[in-house]
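The structure under discussion appears below in the form of structure tokens.
The values are calculated or read from the model by the stated rules, or taken from the named source; none is laboratory data. Remember, it's a predicted structure, so these values are computed and weren't measured experimentally. Note that each Cβ is placed from the backbone with ideal geometry, even for glycine, and that neighbours are counted across all protein chains shown. The accessibility values were calculated without ligands, DNA or RNA, using every heavy atom of the protein model including side chains. Shrake-Rupley method; radii C 1.70, N 1.55, O 1.52, S 1.80 Å.
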Amino acid sequence: MITLRIVTYARVSTAEQVAMGTSLEDQRTRLRAAVLARAGEHIGHFEDAGVSGSLARRPGLDALRQEVLKGGVDLAIATKIDRVSRSALGLLNLVEELRGHGCHLVLIDEGLDTSTPAGDL
């Protein structure tokens, strides 16, 4: 049996998001559950606090990209689309970048998993 090597990513940009249930701790809890559900090996967690999702470059997301670039990461998981990107183009670029290094993206709330045929579409 192959164990998936998984990294996770969380982001908040404002205190209002924390109050609306998207706190970093809430995201971490949900991400841990997603890793456990996939019986994967959690090899890293990355996050950005107080950083806009409209920015293509963010310290936590850039560190995740570097981890994927090193190789050996099968899945990157985030809670939802707007945690990783505020634009469709930004999301597609990230998906293609990850795919180029053998990594798929999972977005829990949207049920998106690019390792499946439907998710890839």
Margin query: Which numbered condition in (1) in a helix (DSSP H, G or I); (2) buried (at least 19 other Cβ atoms within 10 Å of the Cβ) is the only one that Asp48 fails?
Written below: (1)
Margin query: Just to check your reading of the model, which residue among Val95, Val73 is of a type outside the set (Phe, Trp, Tyr), closer than 15 Å to Tyr9 by Cα and in contact (Cβ under 8 Å) with a residue 60 or more places away in the chain?
Written below: Val73
Notebook entry, point to check: Among the residues of the stretch 5-26 satisfying the criterion of being at pLDDT 95 or above and not aromatic (Phe, Trp, Tyr), which is farthest from His104 (Cα to Cα)?
Noted result: Ala10
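Val95: assigned to a loop (DSSP other than H, G, I, E, B) and under 19 Å from Leu4 (Cβ atoms), yes or no? Don't jump to the end; show me each part of the working.
On the way: assigned to a loop (DSSP other than H, G, I, E, B): no; under 19 Å from Leu4 (Cβ atoms): yes.
Answer is no for this residue.
Quick check, is Ala78 open to solvent by less than 50 Å² (accessible area, probe 1.4 Å) and either aliphatic (A, V, I, L, M) or modelled with pLDDT under 90 (or both)?
Details: open to solvent by less than 50 Å² (accessible area, probe 1.4 Å): yes; either aliphatic (A, V, I, L, M) or modelled with pLDDT under 90 (or both): yes.
Yes: the conditions hold for Ala78.
Could you tell me whether Arg99 is surrounded by 13 or more Cβ atoms within 10 Å (Cβ to Cβ) and within 17 Å of Ser115 (Cβ to Cβ)? If you could, list the steps in order and put the result at the bottom.
Numbers: surrounded by 13 or more Cβ atoms within 10 Å (Cβ to Cβ): yes; within 17 Å of Ser115 (Cβ to Cβ): yes.
So Arg99 passes the test.
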Note to self: Name the single residue that is nearest to Ile6 (Cα to Cα) among those in the stretch 102-121 being open to solvent by 50 Å² or more (accessible area, probe 1.4 Å) and within 10 Å of the chain's Cα centre (by Cα).
What the structure shows: His104
Next item on the list: Please enumerate the residues belonging to the stretch 51-70 that are open to solvent by less than 60 Å² (accessible area, probe 1.4 Å), in contact (Cβ under 8 Å) with a residue 12 or more places away in the chain and not in a loop (DSSP other than H, G, I, E, B).
Entry: Gly60, Leu61, Ala63, Leu64, Arg65, Glu67, Val68
Item checked: Checklist (1) open to solvent by less than 60 Å² (accessible area, probe 1.4 Å); (2) part of a strand (DSSP E or B) applied to Val73, failing item -> (2)
